[in-house]
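Enquirer: The structure's right below; bear with me while I get my questions together.
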Amino acid sequence: MHTGLSTAEVQKLKESGFSNIDSSPKPKPISEIFKTNFFTLFNFINLILAIIVLFTGSLRDLMFMIVVIFNSLISLFQEFRARSATEKLKLISSKTAEVVRDSQKKIIPVEEIVLGDIIIFSRGSQVSADCEIINDTCEVDESFLTGESDVIEKKVGDILLSGSFIVSGTVITKAVKIGKDTYSAEISKNLKNIKSANSELMAAINKIIKLVSIIIIPIGIPLFINQFKANGYNYAPAALGTCAALIGMIPEGLALLTSSILALGATRLARKKILAKDIYSVETLARIDTFCLDKTGTITEGTFELLGIININSLENNLELTKIDKINKLKNSDNNLYNLDKKLIEAINILSYNSKDNNETMKALKQVFTTDNTKQLPPDTSLSFSSSRKISAVYFKNQGSYIIGSLEFIFGENKQEYIKKTLKLLNKYEDYRILTIAHTSAEITKDKIPEDTKILGFVFLKDKIRANAAKTIKFFATNDVDIKIISGDSVESVSKIARIIGLKNSELSIDTNELKTFSDILKNCKKYTIFARSTPEKKRLIIKALKIKGHRVGMTGDGVNDVLALKEADCSVAMASGSAAAREISHLILMDSDFTSIPLAVAEGRRAINNISISSILFLAKTMYSIFLGILMLIFAIPYPFKPSHMTLINTCAVGIPSFLLSFEKNIKKTHESIFSNVIKISLPAAISICINIILCSLTLKWFMIPRGIYSGIAVVTTGCLSMLLLKKISSPMTLFRKYIYYSVIILFIISILFFSEKYLLIPNPLQWGIQNIFINIILALISSLIYKLIS
């Protein structure tokens, strides 16, 4: 019996820093979340303008700050929600370990393991540190680390890697590497900083804001001086006019719309059990044109499904296998299952009940077979499955040995011609996993299989493919997204699955051991569809190569072996059931660990991007005419017609509300390279028309001696009319939903002008303008509308 470390030794090791500290990538700190959402150039510019307005005493003109605050709060809320959800996942997946200390077994959190601890792992345990086996043997699943789904036999002296699972056996081990020194931590050592999703929407908006920030001072200062003179050296109207011009240049509504729609998309996905780390993750996924998948745990569930059985005589007579439906029907009825094939059924029953293996093969058999009589047959000896032997067996003194495994490994070098003949008969089942059931009267050992071994029949299994996997692959194919499978499994194993799910060009596969250098990967990354036997580093390099070739790459994975590739990808998707490192590094988490829900996220992102692209026309038109007007005010020294409250009304009715409502329309077309493709040519004519309209308004101010309040009112009404014409243009063709939006905002605009003009807009009520001014308003609106139709 191992005594393990003493309490004093454990304490000393902890003080020296030799404890199993979690080395997984850490989520963004709360302070960093606040900083990235509030301390932005966009917010800073608006804050300065708000202070200027505040000194005028016109608090109603500060309404534009509501947009700014909501924009930051929406992003902040989404990030906090995602952070909270991932923290809950971490608590759910937290592990304990059984150690020996002071000659006693204890259960402790894995974080309290220290270097040299004696740890006991049994079937189903996840290895919590790199450990050397010092007693007994076991079988291990290292797919989380290597991507290979084969079970590996480990014996005394071998190393168990942290993150792997014990499939069978119980072993006593010694912790030789902990925390940041473990194999899984080595893979993750480059993941110190978690990459945020790259939003082209916000990048475009930020470019505009940067442009505005460059021109805002050279335009703003002389514009204020100009307005100060034009308003009889009165600070308040000059400051309000200048701020209105500068606020109009900033697409704050587009920023809010983008945040709102993406946050809404993230909320919708959350209801479908897809967690977006931040609101821009939805957009990033929608832009990918190449999506890389792992096989085990992604396309497949990591389990096997029994398809049927066939005895050797039926195979040799070219008969069909007995399918699972018939087996279940016999099993659940009064018919005796043994009537189907007594020897073969009895052998499978005995093996499935008495085998010590707990691998997925045996689980699949146990779901169907194992009858009451098998419980009375304890074996005298048994042989567990190993990846090197490829067989397992049970032996009874009065019955002999029953064997299950690979045909070639059962017979070894014997009966080569018979093996070839049998394999030829099995060719038509090449897409299945085929296990041979055999019997011998002698006891089977690890090193020798008796000569009298005879085949009883075959069991046909297949990887249990996720229910909607084929449908998901078809979705990507019809939506111009190329699929690549990058797996640690063999070419044959992955290719079979790819054919079953209908993956296009599934025959284009390669063992990545043939790709020796990055140059080889770069040459072949587009050529092949399947990359088998991929190491964690090879996965990363394949993603990198695809990006160099100009692709936007998405990646999904669940294991530590996937984290390098997940970080390299433009958009990464992790399974909730996967490793903590994979979850922390990814942009989206599939809470039900089902990759077939990804099309929902892609569709949601595309809908948001396409509709925001349409709505951005309205916002950019406003930004352009505000910049143009600012320059015109400087050149012609005319008073700026708008106050911040006027811009808020126009933006709300003609831009904000319709943009938000239009974003709900279904639109999953492939996104354009740039959000602003074709936007300029549509919004520019409207901006020019509005500028011409304001020049005409200023001329009427001079020629007809119109009061300043009515001058502003005419400018607001005519600009609103032109904005509505632009809205009509981008809403074409007019569906019932679009008509409802269009006419609703027109009514809202009219009601605001008629009933809230004096109190909130600080302009005279149009009903009190007088016949002449109302007539001027109508004439200007008609002229400006005609100009717009001519140049658009």
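The values are calculated or read from the model by the stated rules, or taken from the named source; none is laboratory data. Note that the structure is predicted; figures quoted are calculated from it, not measured. Cβ placement follows ideal geometry from the backbone for every residue including glycine, while neighbour counts extend to all protein chains displayed. These area figures cover heavy atoms from the full protein model, side chains too; ligands, DNA and RNA do not enter into them. Shrake-Rupley method; radii C 1.70, N 1.55, O 1.52, S 1.80 Å.
Enquirer: Between Leu54 and Asp431, with labels modelled 7 Å along Cα→Cβ, what's the label distance in nm to one decimal, could you check?
Expert: Result for the modelled spin labels: 6.9 nm.
Enquirer: Using a 10 Å cut-off on Cβ atoms, rank the peptides 302-309, 501-508 from the highest mean neighbour count down.
Expert: 302-309, 501-508
Enquirer: On to the next question. By DSSP, what percent of the beta bridges with both residues in the chain are antiparallel, rounded to the nearest 5?
Expert: Antiparallel: roughly 75 percent of the beta bridges in the chain.
Enquirer: Related question: Roughly how big is the stretch 490-594's charge dipole about its Cα centre, with Cβ charges of +1 (Lys, Arg) and -1 (Asp, Glu), in debye to the nearest 20? Provide the component values of the computation, followed by the final result.
Expert: Details: 17 positive and 13 negative charges, 104 e Å.
Roughly 500 debye for the stretch 490-594.
Enquirer: As a test of the definition: which semi-axes, in Å, follow for the stretch 554-626 when you take the square root of five times each eigenvalue of its alpha carbon gyration tensor? Largest first, please.
Expert: 34, 14, 8
Enquirer: Can you give me the Cα centroid spacing of the stretch 527-568 and the stretch 746-792 in angstrom?
Expert: Answer, in whole Å: 58.
Enquirer: Would you kindly derive the ³J(HN,Hα) couplings of the stretch 781-792 from the backbone phi angles with the Karplus curve 6.51 cos²θ - 1.76 cosθ + 1.60 (θ = phi - 60°), listing them in order in whole Hz, with x for Gly and Pro?
Expert: So the Karplus estimates, Gly and Pro as x, are 5, 5, 4, 5, 5, 5, 4, 4, 5, 6, 9, 8 Hz.
Enquirer: Carbon and sulfur atoms: what percent of the 1.4 Å accessible area of the stretch 412-495 do they account for?
Expert: The nonpolar share, carbon plus sulfur, comes to 48 percent.
Enquirer: Amide H neighbours of Val167 under 5 Å, at least 5 residues apart or on other chains, H built in the peptide plane: list them.
Expert: Sorted by chain and number, the residues that satisfy this are Gly124, Glu139, Val140, Asp141.
Enquirer: Order of 448-461, 423-436, 532-545 by packing, highest average Cβ count within 10 Å first? Please list the in-between numbers first.
Expert: Details: 448-461: 18.6, 423-436: 15.4, 532-545: 22.8.
Highest mean packing first, the order is 532-545, 448-461, 423-436.
Enquirer: Enumerate the calculated ³J(HN,Hα) couplings along the stretch 274-280 in order (Karplus 6.51 cos²θ - 1.76 cosθ + 1.60, θ = phi - 60°), each rounded to whole Hz, writing x wherever the residue is Gly or Pro.
Expert: 10, 9, 8, 4, 9, 5, 7
Enquirer: Once the dipole of the chain is set up with Lys and Arg at +1 and Asp and Glu at -1 on Cβ about the Cα centre, which of Leu515, Asn317, Ala565 lies farthest towards its positive end?
Expert: Ala565
Enquirer: Moving on to the next point. Please give the charge dipole size of the chain, origin at the Cα centre, charges +1 on K and R Cβ atoms and -1 on D and E Cβ atoms. Round to the nearest 20 debye. Before the final figure, lay out the partial values.
Expert: Values: 94 positive and 72 negative charges, 571 e Å.
Computed about the Cα centre, the dipole is about 2740 debye.
Enquirer: Can you tell me the Rg and the Dmax, both Å, for the Cα atoms in the stretch 476-613?
Expert: Final numbers for Rg and Dmax: 14.9, 45 Å.
Enquirer: Go ahead and estimate [θ] at 222 nm for the chain from helices alone: -39,500 (n - 2.57) per DSSP H run with n ≥ 4, summed, over the residue count, rounded to 500. Intermediate results must be reported in sequence, preceding the final value.
Expert: Values: 29 runs with 386 residues, N = 792.
Dividing the helical sum by the residues of the chain leaves -15500 deg cm²/dmol.
Enquirer: Right, next: In whole Å, largest first, what are the principal axis extents of the Cα atoms in the stretch 583-726?
Expert: Computed over the stretch 583-726, the largest-to-smallest principal extents equal 71, 29, 25 Å.
Enquirer: Now for a different question. Order Glu283, Glu32, most accessible first, counting only protein heavy atoms with a 1.4 angstrom probe.
Expert: Glu32, Glu283
Enquirer: Near the amide H of Ile763, under 5 Å away, which other amide H atoms are found, from residues 5 or more places off or on another chain, if H is placed in the peptide plane?
Expert: Glu758
Enquirer: Just to compare against my own numbers: the Cα pair-distance distribution for the chain, 20 Å bins, whole % per bin, please.
Expert: Percent of Cα pairs in each bin: 14, 35, 27, 16, 8, 1.
Enquirer: Let me ask another. Leaving ligands, DNA and RNA out of it, report the carbon-plus-sulfur percent of the accessible area of the stretch 595-735 at a 1.4 Å probe. Provide the component values of the computation, followed by the final result.
Expert: Values: 3390 of 4760 Å².
It is 71 percent, rounded to a whole number.
Enquirer: With each pseudo-label sitting 7 Å past Cα toward Cβ, what's the Asn505-Tyr743 distance in nm, one decimal?
Expert: Output for this residue pair reads 5.1 nm.
Enquirer: While we're on this one: Quote to one decimal, in nm, the extra length available between Lys323 and Tyr235 on full extension: 0.36 nm per residue of separation minus the C-alpha distance between them.
Expert: My answer for the length gained is 22.8 nm.
Enquirer: What whole-number value in Å² describes the accessible area per residue of the chain for a 1.4 Å probe?
Expert: Value returned for the chain: 44 Å² of accessible area per residue.
Enquirer: Sorted by mean Cβ packing within 10 Å, highest first, what order do the peptides 161-174, 43-56, 261-274 take?
Expert: Details: 161-174: 21.7, 43-56: 17.1, 261-274: 19.9.
Going by the mean number of other Cβ atoms within 10 Å, highest first, we get 161-174, 261-274, 43-56.
Enquirer: What are the semi-axes of the equivalent ellipsoid of the stretch 708-764, taken as the square roots of 5 times the eigenvalues of the Cα gyration tensor, listed largest first and rounded to whole Å?
Expert: 26, 13, 5
Enquirer: Let me ask something else about it. Separation between the Lys666 and Lys342 pseudo-spin-labels, each 7 Å from Cα along Cα→Cβ, expressed in nm?
Expert: About 6.0 nm separates the two model spin labels.
Enquirer: Continuing with this model, one more query. Of Asn46, Ile791, Phe385, which is farthest towards the positive pole of the chain's charge dipole, taken about the Cα centre with +1 and -1 on the beta-carbons of Lys, Arg and Asp, Glu respectively?
Expert: Ile791
Enquirer: Tell me which residues come under 5 Å, amide H to amide H, from Thr303 once H is placed; ignore anything under 5 positions away on its chain.
Expert: HN-HN under 5 Å from Thr303: Lys464.
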